[in-house]
Each structure stands twice: as structure tokens, then as C-alpha cells.
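Read through the structure below, which is laid out as C-alpha cells, and then see the notes.
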Amino acid sequence: MSLPPIEPVEPMAHLAGLNPEQLAAVTAPDGPLLVLAGAGTGKTRVLTCRLAHLLVTGRVRPGEVLAVTFTNKAAREMAERVERLIDRSVQGMWLGTFHAMGVRMLRAHAELVGLEPSFTILDTDDQLRLSKQVIQAAGLDERRWPARGLLALIQRWKDKGWTPERVPEAELSDFALGRGRELYAAYQERLRTLNACDFGDLLLHGLELLTARPELLERYQRRFRAILVDEYQDTNVAQYLWLRLLAQGHRNITCVGDDDQSIYSWRGAEVGNILRFEQDFPGASVIRLERNYRSTGHILGAAAGLIAHNRARHGKTLWTEGEAGEPVRVAGLWDEEEEARWVVQEIEALQRRGEPLASIAVLVRAGFQTRAFEERFIQTGLPYRVVGGPRFYERQEIRDAIAYLRLVVQPDDDLAFERIVNLPRRGIGEAALKTLHGAARGSGRSLVRTARELVLTDELPARTRGALARFLDQLDRWRGVLGERSPRAMAELVLEESGYVAMWQAERTPDAQGRLDNLKELAEALEEFEGLGSFLEHVALVVDGAAEAGADVVSVMTLHGAKGLEFDTVFLAGWEEGLFPSQRALDEGGARALEEERRLAYVGLTRARRRCAVSFAANRRLYGQWTTAVPSRFLAELPAEHVEVLHRSPRARPDWELLGDPLPALRPAPFRTRRLAADRVLEGRAEILASRPPAGSRTFRVGERIFHDKFGYGRIEAIDGDKLEIAFEKAGRKKVVDSFVDPA
DNA sequence: GGATTGTGTATTTTT
DNA sequence: TACACAATCC
């Protein structure tokens, strides 16, 4: 008996090449679905294919989809992949981060939570400043109750979905003698006055909307006929509640995640969400993806053996049909420098064998560990890149520039005003600001408005008043030409005329040029936008700087930063007790934290496709102190059959004694002269020189009034080539190089 | 208002 | 050790 021939159906092309479990997940019928996708099992593929499948089969239209991710990068990738699969735009779909979806909802209904639709989204800096103001206003000792602490607390509460009145009593005891709720409320009040939100609010207010307005909830429930969630193990309570509300009606929710890769509990993620899925959504289907397409057998075996030591997990058994490959190598080194030397030497050997550097990564637990590697990379001249670190829009100069633009667009933006009113120095210091604040509080007006009134009175010293008046005039002028110029031209005008660019040009530090480059990059990024307003919205939510991709360099990053990535060869450095697992995590979170550290180790191991090496050092300098380290307990948890130990065996039980007489091959050499440091200083100098305008390149006239960043205002008395003799108002007569001076 | 000295702290990071 | 921040001095 022969089956009828299966007609190749073109629209089903997106199903090609899926394995049975993947196919089951992609084509699963309506209803709650949890896809437990182990590392390297095609998680993203399944999610995008399912979305494409829903669309192609006509089960939903694009406008009926809500697809949430955690990062903008993930959202972008998802959009691109789906578009490629269905060969059509995903226009109309709600696809983005939780926060982006939150803003979208909130902009539409801002007035219902006491905001105007034009509300601003604060960055971390602004939040901190606000928190500080709240602490001060409450008359608390800032040393004992630091602003950071309050902010962290508020964030934690928001992650849990608690508005001030809903914070449980039991939570209140530890901060500021139980005044936490009151401070939180004051912070929220300030936000409302500023017509602003912090990141937590984007979800919290959304939650408020959906709970307080049944008709709205119903509207969104009806609208989103399909909800898809990526990285479900990373959701916090607020996000979970958000999803539960929206999915309540039809329960068409697909969550994809891996409990074994939950590594963000410290910022509110609850592994419990994914572990509880079947209780939360009774009748849910659970599909496990266990076939790994990424790593060799040995790497997978090592990772599986390690993670099996965790108790709180769904449990999956990854398998592969690929080759066993090389065992995971474990190397004990004398100290961090030798560790770096060993790793770099291994990388050089790979390079000689033709391996691209871009296929190699060094992963560490904490940021400070990258330094030893950087030094070694510089010494050997091997191209590398430290991934992570402060992101583009978090850089000081970018935030400053954005504050300028915000102030031009939104005249009452007090936080932006405070940030840049005296940057560059204009002689409007703390005292002046205090007077301003006092007057503003009295009248309930914004600082800028208050300033306008104050410059007409005698309340400020003449000098300060003049400076402030000049600054306000500048603001007016910029605002006046706002309509006539492109966002880019506008930014260039403001940054030039304000003296902000000149400030960095005069700065004598090696990174000043980099900052100027970043400013230029910002201006270029502005090209894409119609108006400054839309740019500012974008920048509040979107992270990425222009990561120069494609270069053939070794990547150095933290384990957290490596999540979601993969490399042919991975070096996992610093596997020592106290560092990894981190002592601090253990102290604060006990057994639960240990499991998270172990998941982090698991994430590290499973980043590797073909080769993985783990290293630890016997001695490490922590906070300037040499400490003796004990090899990480995680080393002992790697199954012996998947591991090859170099330089003697720490494997059976990683007690330092068992390593043999402290690694005979490795002699102590902790103290070593650092020629490198000196080289770097020289390099820095060269950069400073290059970044200054060429001497004599500016035309100054005798008698001209100038401003010097250090010495303040003055008048040019004489000119000798690039040297100016200046009578400073405060600092007296001095000779300075013209590049450090600007026209007043 | 700005420079200087002193003190305290020290993971992981996205939005 | 190294850095950021706040109190202190000029």
C-alpha cells in the first residue's frame, strides 16, 4: 500500500529541517506551552519558527501577536529571522523588550496613571540623583543610608510588582529604620512631578493599568491572540504578572527558556516562574529540547555532570550525535599573570593552526579579571576586545550630550538641567543651584523657569547671575532654531556652542579623544532620525552602541556577557573558591546562590563548540592583597571521563594539597617589574598631544576676553606664537598654550 | 567655587 | 591596590 505523495507546500518551508521535538513545539496547538530548551538545542529557531508558523497558517495576524524578549538585540534578531521566514514585514506586531512594550502601552494611557503622554524615561544616573534628593529631603544620614541602597531597594520592590502601599511590612525593617515605604512613595511622587518614569515603572504602571481598568485589560487580551516569550527563566515577578494577566483569557502563551541558564536572580529574575509554569497554566504542554547541535560529547558531558549537582531544576539530558571531541582541559597555574600567559600562549598555538581569533573567547566571573588578560594581549600584540563594560549610551559624555538635547526639547527637564548647567564650568556652582532649588520648591516651577525669574532679581551674586543669564540665552537661541535644523546639525550646534566639545578637547587625559569620537558617533547616529524627540525616545530604551563586528579578534568577557553566544574555543579562567563560586554570592544567597553560580559555570561550558579549557590560579591578588586560592569545587564536579588535567591532578578532590608540591613546574614569581604600565602611560601622552588642536591654529587677538578651564576668565595681554600671556581675573598673570583657552 | 585630603568600599547587567 | 565620593580647607 502506498501513501499518496506529499505535495510540497511552499508556505511550510519554515518547517524544513526541524527535529521531531522542535517540530512538535513549532506546530503545537493553541494553549499554554513551555519549551524547555537546553543550551544549543535551537531555542531561538523554535521560537521564530513557531511565530512564523502561526502567521503562515493564518492562526493569527501580525497585529495580534505579542512577542517579548529581554534585550533589544534579541528583539531585532527575532524580527529579522521571522521576516526572512515569512518573506514579509512584521509590521504591526508587538515585538520587543518587556520595557518597550510597557512604554507603548503607557504612552497610550499615560493619563490614567497620572502622567502626560510625553513622559520622560530616566536613566540610572537620573534615578540615583532622584534617590539622593529623597534621602536628603527626609533628613537621613547619607552615609548610613546611601542613595544607591534606596534605589536598589526600590528597584527590587518594583521587580516584584509592588507599589509603595503594597510593600509588605516585613520588608520594611532593614532600610532607614522602617521608612522605606515612605521614601519609595516620595521617590514616586518626585517622578510624577517630573512627568517621568524609571525602568521599573514601565512595567509597574502597565500592571496598574491592567489591574485597575478591566476594560483595558479585556481590550488587550482580545488583541493579543498569541503571546510568545523568550528567555522565560529571566522574567521577574512584575513581568510574570503582566504576562499572566494578558494571557488569562485565551491562554495562548508560548514560553521558551532554560532553567539551567537562569543567572539573573540578583536583578529580580525568578527561576520559580519557569519551574512553576505547569501550576500557573494548568494543562500546559511541556516540550523538552535535548538534542544539542553545538558542542562535542566531552563538553556536553562535562556540563551535564556539573549541572546535575543542582537540585532546583526541571532536569534535561542533553545529547548529541556529534563526535566526542577533546576532553575539557583543566590547568592549574601559579598566579593570575601566569594564567593569562598560559591562555594567551594556547591561543597563539591555535592561531598558528589557522583558527580565527574571532572563534575564541576568554570568559571570566568578574570584570576585574580581564585586566591580566588585557595586559598579556597587549604585550604579545594579539588582537582582542573586551566585550561589555559601559555601554555607549551610558558613557558620561553621551549622557551629557543627551542632557543638552533633552533640555532643548523639554524646557522643564530639571534633571537634564542640573546635569549640564555647570558643564563645562560656567561658574554656576552648588550654592547657586541651592538657591535655585529653594526658589523652585517655593513656586512649584521647574528649575529653568525659576532661573529665568531669578536672573531678574538680586538674589544671586552678579557674577553667577550673568553666567546663568548667558546660559539661558543660549538655551533660547538653540530652541529658536530647533525647527530649522536636522537633529544632527542641532546636536553639533549645541555641543559646539555650549563649549562642551571644547571642554574635552582641553582635557589632558588619554581617553578624551575617545570621548570626542563617541560624541561624533552620536551625531552620526542622529542622522537616522526625523526629529530630536523621536531620537530621545529611542535612546531612552535602546542600548547598543555601534559594536564594530566582524573584526578577527579574541573576545574577553564575563560569563554573564557570554550568555547566548557560542565559540569554537572557550577558556574559562579563575575557577577558584571565593572567586567562582563568588564568596559574596555565597554569603548573601547561600545554597540558592551556589546553584546560580553553578548555572553560570554551566553557561560557560556550553558556550564552547569544540574546545574548552578551564584554569585556576594558586595565588591571586585581591584588593591589592595576595591571597592563596583553593581550586573551585566546580572542578571536582566535572566528570573525570570528560576531563584532562594538565600539570598534575586536582580532579579527584580539588584540595590544594592534592595538586602536588605547589605545582613544581610553576615557580613563584608574583612580583615583577611592569614595563607595560610605563609603555601605556607614554601611549596615553601621545594621544593627548594628538588630540589637542595644533599649536597656533587658533586666532586670538590681544585684548580679547577668554576662558580657561582651570584659571577662569581673563584678557589676552600678549601673544607669542602659540603661547598666550593672559591676565586672569582670579588667577593673575599666566602664560598658557592657546589650545587650552577658549573665547569667552 | 575649587583644590585637597581623607574615608570607605570593592560581582554579575539589562532596560 | 585603586577609585569614587564627601568633608575640609583655602
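Out of A:Leu209, A:Leu245, which single residue is part of a helix (DSSP H, G or I) and either free of Cβ contacts under 8 Å to residues at least 60 places away in the same chain or closer than 30 Å to A:Ala562 by Cβ (or both)? Break it down into steps so the answer makes sense when it comes.
Details: A:Leu209 fails: either free of Cβ contacts under 8 Å to residues at least 60 places away in the same chain or closer than 30 Å to A:Ala562 by Cβ (or both).
Selected residue: A:Leu245, the only one of A:Leu209, A:Leu245 that is part of a helix (DSSP H, G or I) and either free of Cβ contacts under 8 Å to residues at least 60 places away in the same chain or closer than 30 Å to A:Ala562 by Cβ (or both).
So, in region A:143-160, how many residues would count as being out of contact with any helix residue (DSSP H, G or I) (no Cβ under 6 Å at 6 or more places or on another chain) and within 13 Å of DNA strand C (Cβ to nearest atom)?
Going through region A:143-160 one residue at a time, the tally reaches 5.
For A:Arg452, are the conditions met, namely being away from DNA strand B (no atom under 16 Å from the Cβ), of a type in the set (Lys, Arg), over 36 Å from the mean Cα position of the chain (by Cα) and part of a helix (DSSP H, G or I)?
Numbers: away from DNA strand B (no atom under 16 Å from the Cβ): yes; of a type in the set (Lys, Arg): yes; over 36 Å from the mean Cα position of the chain (by Cα): yes; part of a helix (DSSP H, G or I): yes.
Spelling it out, A:Arg452 is indeed away from DNA strand B (no atom under 16 Å from the Cβ), of a type in the set (Lys, Arg), over 36 Å from the mean Cα position of the chain (by Cα) and part of a helix (DSSP H, G or I).
Can you pull out every residue in region A:414-434 that is hydrophobic (A, V, I, L, M, F, W, C), closer than 18 Å to A:Val455 by Cα and assigned to a loop (DSSP other than H, G, I, E, B)?
A:Val421, A:Ile428
Output the qualifying pairs, or none if there are none: Cβ atoms under 8 angstrom, residues six or more apart or on different chains, first residue in region A:118-137 and within 15 Å of A:Arg406 (Cβ to Cβ), second residue away from DNA strand B (no atom under 14 Å from the Cβ) and acidic (Asp, Glu).
Note: pairs meeting the criteria are A:Thr120/A:Asp413.
When you look at A:Ala331, is it farther than 29 Å from A:Gly257 by Cβ, touching a helix residue (DSSP H, G or I) at 6+ places or on another chain (Cβ under 7 Å) and touching a residue at least 60 places away in the same chain (Cβ under 8 Å), yes or no?
Details: farther than 29 Å from A:Gly257 by Cβ: yes; touching a helix residue (DSSP H, G or I) at 6+ places or on another chain (Cβ under 7 Å): yes; touching a residue at least 60 places away in the same chain (Cβ under 8 Å): yes.
When the stated conditions are applied, A:Ala331 passes them.
When you check A:Thr97 against the structure, is it of a type in the set (Ser, Thr, Tyr), more than 12 Å from DNA strand B (Cβ to nearest atom) and at pLDDT 90 or above, yes or no?
Details: of a type in the set (Ser, Thr, Tyr): yes; more than 12 Å from DNA strand B (Cβ to nearest atom): no; at pLDDT 90 or above: yes.
Here the answer is no, as A:Thr97 does not meet what is asked.
What's the number of the only condition in (1) at pLDDT 85 or above; (2) outside any loop (DSSP other than H, G, I, E, B); (3) away from DNA strand C (no atom under 16 Å from the Cβ) that A:Asn619 fails to meet?
It is condition (3) that A:Asn619 fails.
Looking only at region A:595-608, which residues are more than 10 Å from DNA strand B (Cβ to nearest atom), in contact with a helix residue (DSSP H, G or I) (Cβ under 8 Å, 6 or more places away or on another chain) and in a helix (DSSP H, G or I)? Outline the logic, then answer.
So in region A:595-608, the residues more than 10 Å from DNA strand B (Cβ to nearest atom) come out as A:595, A:598-599, A:601-608.
Now restrict to residues that are in contact with a helix residue (DSSP H, G or I) (Cβ under 8 Å, 6 or more places away or on another chain): A:598-599, A:601-608.
Residues satisfying the conditions are A:Arg598, A:Arg599, A:Ala601, A:Tyr602, A:Val603, A:Gly604, A:Leu605.
Would you tally the residues in region A:328-370 being in a strand (DSSP E or B), more than 16 Å from DNA strand B (Cβ to nearest atom) and aliphatic (A, V, I, L, M)?
The total comes to 5.
Each row is one residue, and each column tells you yes or no for (1) buried (at least 20 other Cβ atoms within 10 Å of the Cβ); (2) within 16 Å of DNA strand C (Cβ to nearest atom); (3) modelled with pLDDT under 90.
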{"position": "A:Ala39", "(1), (2), (3)": "yes, no, no"}
{"position": "A:Arg61", "(1), (2), (3)": "no, no, no"}
{"position": "A:Ala67", "(1), (2), (3)": "yes, no, no"}
{"position": "A:Phe70", "(1), (2), (3)": "yes, no, no"}
{"position": "A:Val103", "(1), (2), (3)": "yes, no, no"}
{"position": "A:Ala110", "(1), (2), (3)": "no, no, no"}
{"position": "A:Thr120", "(1), (2), (3)": "yes, no, yes"}
{"position": "A:Gln136", "(1), (2), (3)": "no, yes, yes"}
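Restricting the search to region A:434-447, which residues are crowded, with 17+ Cβ neighbours inside 10 Å and either within 17 Å of A:Leu130 (Cα to Cα) or without any contact (Cβ under 8 Å) to a residue 12 or more places away in the chain (or both)?
A:Leu436, A:Ala440, A:Ser446, A:Leu447
Restricting attention to region A:399-445, and to residues there that are of a type in the set (D, E, K, R) and over 29 Å from A:Ala489 (Cβ atoms), which single residue is nearest to DNA strand C (Cβ to nearest atom)?
Top of the filtered list is A:Glu430.
For the structure I just gave you, tell me whether A:Ala170 is small (Gly, Ala, Ser), crowded, with 17+ Cβ neighbours inside 10 Å, away from DNA strand B (no atom under 14 Å from the Cβ) and assigned to a helix (DSSP H, G or I).
no
Picking from A:Phe571, A:Phe529, A:Phe535, which residue would you name as being away from DNA strand C (no atom under 16 Å from the Cβ) and buried (at least 24 other Cβ atoms within 10 Å of the Cβ)?
Numbers: A:Phe529 fails: buried (at least 24 other Cβ atoms within 10 Å of the Cβ); A:Phe535 fails: buried (at least 24 other Cβ atoms within 10 Å of the Cβ).
It is A:Phe571.
The values are calculated or read from the model by the stated rules, or taken from the named source; none is laboratory data. Everything numeric in this text was worked out from a predicted model, so none of it was measured. Using ideal geometry, Cβ is built from the backbone for each residue, glycine included, and neighbour counts are taken over all protein chains shown.
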